[in-house]
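**Student:** What follows is a single structure, and I will ask about it in a moment.
What follows draws every value from the coordinates through simple rules; no lab data is involved. Everything quoted here is computed from the prediction, not taken from an experiment. Neighbour counts run over all protein chains shown; Cβ positions are idealised from the backbone, glycine included.
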Amino acid sequence: MKVSCLQENLARGLAIVGRAVASRSTLPVLGNIMLATDEGRLKLSATNLEIGINCRVGAKVEQEGAITIPARLLQDFVNSLPTERIDLELIARTQTLNLKCGRYEANIRGIDAQDFPAVGIPDEDGTIICDADDLRAVIDRVAFAAATDESRPVLTGVLAELATDRVTFAAADSYRLSVASAPLRQGPANPINIIIPARALQELRRISAEGETIEMRVAPNHSQVFFHFGDIDLVSQLIEGTFPNYRQIIPSSSNTKTVVSTGEFLQAARMAAIFARDAANIARLNIVPGDDASGDGGAGQMIVSATSSEQGDNVSALDVQVDGAPIEIAFNARYLVDALGVISSAQVQLETRDPSSPGVLRPVGDPDFVHIVMPMHIAR
C-alpha cells in the first residue's frame with residue numbers, strides 16, 4: 001500500500017472512526033484502525049463488534065493494500081503533524097506503516113488486515129431514506145431516556161418503528177419514557193420494528209452532518225442495522241427481545257393541564273436541580289389556578305422548589321395557564337431538565353392526574369413528541 005492524503009482529512013477520518021475502537025478486548029486487532037485502499041480513496045475502519053464505522057478519505061493511491069494500526073498511537077501522531085501532505089507506505093514484510101509529513105517521519109507496527117472483522121454495508125433492496133436533520137432531532141429527543149443499566153438490555157436500546165412513510169422512536173428506563181417521530185422520504189415495503197442500541201444512535205447523531213440524506217438498511221434476519229451517509233458507513237448490532245408496550249404507559253386522561261414557557265420552566269428546573277442534588281433530586285411543583293371562574297384555562301402560577309437540608313432551598317414562581325384542579329407533585333429535577341432541554345417549542349404543556357401518577361410533557365403545537373416522567377414520593 002502506498003497512498004498520500006492531507007493531514008486534516010486523515011485526522012478527521014480517524015476522529016470519526018475512533019469512537020468505534022474497542023477500549024477493552026481480548027482481541028488486540030479490535031484496538032486498531034484498519035487503513036485500506038478503496039476505489040482510489042483511503043478507507044478507515046474500526047469496530048468493537050457491536051458498532052462498526054467506515055470513513056473514506058480523499059487520497060492519491062499509488063499502490064493498493066491494507067493494514068491495521070493501533071488507534072491511539074496513530075491518532076495521537078497524526079494530530080501532532082502539521083497541516084501538510086502525509087505519505088503512507090506499507091512495508092508488507094514486517095507489517096509496518098511508514099508515515100512521512102514534511103520533516104516528520106514514523107514507523108508503526110501493525111496487524112495484518114486479514115485478521116480484522118469486516119465492516120460492510122449490504123447493497124440490497126429495501127433501503128430506507130430519511131433526512132439527517134429529522135433523524136438527528138428524533139435521536140436528540142429520545143436517546144437520553146434509554147437505560148444505562150445493563151440488567152435489562154432491551155431498555156438500553158431505542159425501539160424504532162419503521163412504517164411506510166414515518167419512523168417512531170421510543171426509549172424508556174423505568175422512570176421516564178420519550179417518544180418522537182419524523183417523516184421518511186422512503187420507508188420499508190412492510191413495517192419493521194427493531195431495537196437499536198442507544199449508543200449507536202448517539203454515534204450516528206455525532207458523525208452525521210446537517211443537510212445530509214441518510215440511507216438505512218435492516219439485515220433480513222434483523223440482527224444488524226446499517227446506515228450510510230456521505231463518505232461514512234455505520235453498522236450496529238441490534239438488541240434481541242421485546243420492548244415494553246409504551247403506548248400503555250402514556251396516560252389517557254388528566255385532571256390538570258398547565259401551559260408554561262419552555263425556557264422559563266427549563267431555567268427553574270435547572271436552578272432546582274442545583275439544590276436537589278443532595279435531596280434525591282426532588283423538585284416540587286405546586287400548580288395553582290388563578291381566579292378564572294369559568295375554569296377553562298385561566299392564568300395561574302407554578303411554584304418550582306427544591307430543598308437541601310444542609311445547603312438551603314430555592315423557589316421559582318412561573319406564570320402559567322392552568323386548566324383544571326390545583327396539584328402539588330414532585331419529579332426528578334434532572335429528568336425535567338433533560339426533557340425540557342430537547343423541546344424547541346416556545347411553550348410546553350404539562351398534564352397531571354394526581355401526585356402519584358405520571359406527568360406528561362407535550363410541546364405546544366408539536367404533535368411529534370411526548371415525554372412521560374414518573375413522579376417522586378414527597379412527605380406531606
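**Student:** Can you check what the net charge comes to around Leu155, using other residues whose Cβ is under 9 Å from the Cβ of Leu155 (Lys, Arg +1; Asp, Glu -1)?
**Tutor:** Cβ neighbours under 9 Å give a net charge of -1.
**Student:** Answer with one residue from Pro358, His377, Ala36: the one whose Cα lies farthest towards the positive end of the charge dipole of the chain, charges on Cβ with Lys, Arg +1 and Asp, Glu -1.
**Tutor:** With unit charges placed on the Cβ atoms, the residue in question is Ala36.
**Student:** Let me ask you something else. Compute the distance from the alpha-carbon center of the stretch 77-99 to that of the stretch 247-286, in whole Å.
**Tutor:** 54 Å
**Student:** Would you work out if the stretch 44-86 is rounded, prolate or oblate? Take a ≥ b ≥ c from the square roots of the eigenvalues of the alpha-carbon gyration tensor; rounded if a/c is under 1.5, else prolate when a/b is larger than b/c, oblate otherwise.
**Tutor:** oblate
**Student:** Multiply the residue gap between Asn98 and Asn193 by 0.36 nm, knock off their C-alpha separation, and tell me the result in nm, one decimal place.
**Tutor:** Between Asn98 and Asn193, full extension yields 29.5 nm more.
**Student:** Here is a follow-up. Please list, in order, the residues from the stretch 1-22 whose amide nitrogen is less than 17 Å from a point placed 7 Å along the Cα→Cβ vector of Thr83.
**Tutor:** 5-15
**Student:** When the chain is fully extended, how far beyond the present Cα-Cα distance does Ser308 get from Lys60, taking 0.36 nm per residue of separation?
**Tutor:** Length gained between Ser308 and Lys60: 83.0 nm.
**Student:** When Lys and Arg each count +1 and Asp and Glu each count -1, what net charge do the other residues less than 13 Å away from Ile303, Cβ to Cβ, add up to?
**Tutor:** The answer is -3.
**Student:** Okay, next question. Find how much the distance from Asp76 to Glu210 grows on full extension, using 0.36 nm per residue of separation minus their present alpha carbon separation; answer in nm with one decimal.
**Tutor:** 45.5 nm
**Student:** If you place +1 on the Cβ of every Lys and Arg, -1 on the Cβ of every Asp and Glu, and leave all else neutral, what size is the dipole of the chain about its Cα centre, to the nearest 20 Debye?
**Tutor:** Around 880 debye, computed over the chain.
**Student:** Enter the angle in degrees (range 0 to 90, nearest 10) between the Cα long axis of helix 132-142 and the first principal axis of the Cα atoms of the chain, meaning the one along which they spread out most.
**Tutor:** Between the helix axis and the principal axis of the chain, the angle is about 50 degrees.
**Student:** Can you give the longest stretch of the chain with no exposed loop site, where a site means GluC sites (Glu not before Pro) in a DSSP loop (not H, G, I, E or B) with at most 16 other C-beta atoms within 10 Å?
**Tutor:** After excluding every exposed loop site, the longest remaining stretch is 311-380.
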